[in-house]
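What follows is one structure encoded as structure tokens, with my remarks underneath.
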Amino acid sequence: MLIKRREFLKISSLATASFLMPNFLKAMTFDEALEPNQKILVVLQFTGGNDGLNTIIPTKNDIYFKERNSIAIQNSLSLTDEAGINPALSYFKELYDNGELSVMNNVGYPNPDKSHFRSMDIWHSASRSDEYLETGWLGRFLDEECYRCDHPTQALEVDDMLSLALKGENNKAFAFKDPKRLYQTSQEKYFKSLYDHHHEDETVSYLYQTLGSTINNADYIFEKSKAKKTEQTYPNSQLGKDFKTVASLIKSDINTRVYYLSIGSFDTHVNQNERQQKLFNDINEAVKSFVADMKSNGLFDDILLMTFSEFGRRVAQNASKGTDHGTANQMFFISGGLKKKGILNALPDLTHLNEGDLIYSEDFRKVYATILKNWLKADSSKVLGWKNGIYDFV
């Protein structure tokens, strides 16, 4: 069968949007539920470099208010004697008060890179700043789990393109924005007619295989997404819709262990407070609905929501009422199953900076190792090569 360029591009588009590995996706036709009390990780990426100092505010620190004379948060919600949280994250304050939120401050890595793309690659791949890896930390988790499990552990990203974090050597996650749209696309006559075709060209043959896997599994994901309709009301924002999709899948019997979402952009060089507040409002309301949904279904103790951003911002504001690319940042952990709650470590030291940037105190790979070992019950040393201990917040 001769494939035309236009046909090739159409197949490539569907295949690329899903980034599927055929052998891995065949496992998604297994109708096996999660084992009881199986832990689930939900990652929420703050794309663009969120300003951590205006997220968890050092309320008693004069340097903070001096260096940010027009953008410092004056009305934070108190967490401790020395720390408050941005008022746009009022539900996070409620979670904190309930012992359902932990904050790790000053997370980063040695020799930080201020490029969005490079620093995000470092966080996704869990590499050193002078190391370039083509696989992600959760992708390697899939490689490890799929090798030793009776059925592969799956991961899903609610996006049109798959992030590096979820790409392994042998296994990759499945990326889609909308289960219904994915299903409808896969059922188009054009794609269905190509399903049984084979081609001598290796690249084209792979695309056909990938297309076939997509068609086989789009129906499965769509059916699971609508298996248990939620009574919970979610905001109409994109993030609200994404969390609703994740919740519907968690409540079904799909055996997914990792969900990945993102929101942005937090690249607030100009008029930072307005932009950050809008994003925080979206996050606050979406997370509030998601947690309520999980609690009402008795699932919250087995869900861990983790947030991160590729870097923080500089301590001093710029001339445009914004902040420029910085280094270390905080991470949030939300769950009914936290072992340690609240603020886990000291706030950033604003008296000890590196040319105006925070100096990290906690390595993000130690956080990943903690989640892999204690939450997902994986061999973190094999996945990360990390041998410098773990935390005990989960």
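The values are calculated or read from the model by the stated rules, or taken from the named source; none is laboratory data. No experiment lies behind these values; they were computed from the predicted model shown. Don't worry about glycine lacking a Cβ; one is built from the backbone with ideal geometry, like all the others, and counts go over all protein chains shown. Quick note on the areas: whole protein, heavy atoms, side chains included, nothing else; ligands and nucleic acids left out. Shrake-Rupley method; radii C 1.70, N 1.55, O 1.52, S 1.80 Å.
Region 317-394 has equivalent-ellipsoid semi-axes of 29, 15, 12 Å, by the square roots of 5 times the alpha carbon gyration tensor eigenvalues, sorted largest first. Taking the average, over residues, of other Cβ atoms within 10 Å as the packing measure, peptides 274-281, 136-143, 125-132 rank 136-143, 274-281, 125-132 from highest down. Each peptide in 38-46, 64-72 receives the mean, over its residues, of other Cβ atoms within 10 Å, and ordering these scores from highest gives 38-46, 64-72.
Packing, taken as the mean count of other beta carbons within 10 Å per residue, orders the peptides 260-271, 230-241 from highest to lowest as 260-271, 230-241. In this structure, the residue pairs whose Cα-Cα separation is over 32 Å, taken from 244/387; 172/295; 93/373, are 244/387. Of the solvent-accessible surface of region 240-360, computed with a 1.4 Å probe and all protein chains present, 45% belongs to carbon and sulfur. Accessible surface for region 220-372, divided over its residues, is 38 Å² per residue with a 1.4 Å probe. Taking Cβ atoms as reference points and 10 Å as the exclusive limit, the residues near residue 333 contribute a net charge of +1, counting Lys and Arg as +1 and Asp and Glu as -1. For region 88-149, what percent of Cα pairs sit more than 18 Å apart? Here the long-distance tail beyond 18 Å is 58 percent of all Cα pairs in region 88-149. Computed over neighbours whose Cβ is under 10 Å from that of residue 132, the net charge equals -2, Lys and Arg +1, Asp and Glu -1.
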